[in-house]
Amino acid sequence: MQKHVSSWLKPPTDFIKLNVDAVFLDELKEGGSGLIARDADGNILCAAAGRLTAQSGADQAVATALLQAI
């Protein structure tokens with residue numbers, strides 16, 4: 001089995017990179033989200049996490065997280 005190693009790639013100069021993710025718990029119909037924004041030097045500009053309620057599925061949880069992020 002091969003290990004997949006991922007690493008953060010910096011954005012171009014004068015850009016901000018926003019990473020967003022979400023988790024969904026089907027039995028509870030809720031989940032959570034998180035985000036981090038970094039500049040081209042890797043400096044953290046903003047980070048947040050929160051609870052997502054009344055979600056119909058994982059796709060909605062990710063969409064809600066993206067909407068909250070922007």
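Some notes on this structure:
- Calculated FRET efficiency for the pair Leu67/Asn43, C-beta based, R₀ 30 Å, to 0.05: 0.75
- Stretch gain in nm, segment Asp59-Leu9, where the contour uses 0.36 nm per residue and the Cα spacing is subtracted: 15.5 nm
- Most tightly packed first, judged by the mean number of other beta-carbon atoms within 10 Å of their residues, the peptides 58-69, 1-12 read 58-69, 1-12.
- Degrees between helix 58-69 axis and first principal axis of the chain (Cα, 0 to 90, nearest 10): 50
- Rg/Rh (Cα only; Kirkwood hydrodynamic radius) as it applies to the chain: 1.08
Bear in mind that the values in this text are calculations on the coordinates, not laboratory data. This is a predicted model, so every value here is computed, not measured. Glycine also receives a Cβ, built like all others from the backbone with ideal geometry; neighbour counts cover every protein chain displayed.
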